[in-house]
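Asker: Mind having a look at this structure? Questions to follow.
Read-outs throughout are calculated quantities, based only on the coordinates presented, and are distinct from any laboratory measurement. Keep in mind that this is a model prediction, so the values were computed, not measured. No Cβ is skipped: glycine too gets one built from the backbone with ideal geometry, and neighbour counts run over all protein chains shown.
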Amino acid sequence: MNKVKILTLLIIVLISSLTIYSRNKEVNKIKEPQKVANAIKPQKEINFKEDNISIKYSCSIINGNLNFTLNIQDDNIGKNINENFIVSTEKSDLPISISNQISIKQKELSQRFSKAEIERIATAMNSLINLETKNIDNKDSKDLRMQGLLMSYSLLKSINRQIMKENGRPKSLDDEYYDATIYTSNTVYEGFNRELSAFALIEDLIINVSDFIDYINHDLQYSEQKGVLFLLAIFDNLNTEYISIYELEEEIRTYTLLHPEEFEGEEDPTTLFRWPQGSDHGCCGNYNGPC
């Protein structure tokens, strides 16, 4: 198995195993997305209030579409958010469907809120998610109606990134891991697409670099893997405490271009960064589908 594919596989496995650190230490407890279903599922409705912020979330699945509405009222600042989503549940369509809708709403809503205001609302949404997932069972954890809550939370996070970009905000302790590229991108995390994790955008998944390295070094099943040496080499060249999954993927691409001697005899390394296929290695068996 070539080295770039090893790196790609290791990152997915490690990230799925390791707690993803963010500055707010948000907890994402839902484990798997729902598989595609065209049946009509009854409406799910949640009402929540915290610190004078009222949140109403309603969601249903009808004819292969995830339909959900997010209504938020912050009485302290006298502002509200009222957004509707219609997202295809077809696995091939869902990522681009939700990504496009978040991007459209992100730009419009960023004009109406300050960074502090949207972070205040996001904190309340995070409390709602933690409450709803506290005692969730396996069946409910796979329900896309619950994943819609995380899509709503991702919208709030994306608004915050857009505000930072539009304000020409310099890097600070709160956002040092962001670069200009990821302020407005909204890319669905591959782990969700492969049913390994809950919904998230890779621009919002932040790794604590030192903790990530410690995790690798203290787990023999990873530290003895050849691909880990290349991953650690990439980390050694990072001059940051935190890095997003988006940025880490870009660092791997850059590494393959700067070190072509490590990929002699293999296909063009610029084309190798992709989700590994079953025929690439033994762990998934010899089949053509993705791991």
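Asker: Per residue of the stretch 241-247, what does 6.51 cos²θ - 1.76 cosθ + 1.60 with θ = phi - 60° give for ³J(HN,Hα)? Whole Hz please, x for Gly and Pro, Karplus curve as stated.
Answerer: 7, 10, 8, 7, 4, 4, 5
Asker: Search the structure for amide H atoms under 5 Å from the amide H of residue 66, placed 1.01 Å from N in the peptide plane, and list their residues when 5 or more places away or on another chain.
Answerer: Amide H to amide H, under 5 Å and 5 or more residues apart or across chains, residue 66 pairs with 87, 88, 89.
Asker: Counting other C-beta atoms within 10 Å, which of 44, 165 has the fewest, and how do the rest follow?
Answerer: Ascending number of Cβ neighbours within 10 Å: 165, 44.
Asker: Which residues' amide hydrogens lie under 5 Å from the amide hydrogen of residue 110, considering only partners 5 or more residues apart or on another chain, with H built in the peptide plane?
Answerer: none
Asker: Here is a further query. Past the 26 Å Cα-Cα mark, which pairs from 91/115; 56/107; 105/134; 56/115?
Answerer: Too far apart for the 26 Å limit: 91/115; 105/134.
Asker: Taking neighbour counts of Cβ atoms within 10 Å as a proxy for exposure, in what order, fewest first, do 57, 183 appear?
Answerer: Ordered from fewest to most neighbouring Cβ atoms within 10 Å, 57, 183 come out as 183, 57.
Asker: Right, next: Can you bin the stretch 41-204 into rounded, prolate or oblate? Criterion: square roots of the alpha carbon gyration tensor eigenvalues sorted a ≥ b ≥ c, rounded for a/c under 1.5, prolate for a/b above b/c, oblate for the rest.
Answerer: Taking the square roots of the gyration eigenvalues as a ≥ b ≥ c, the stretch 41-204 is oblate.
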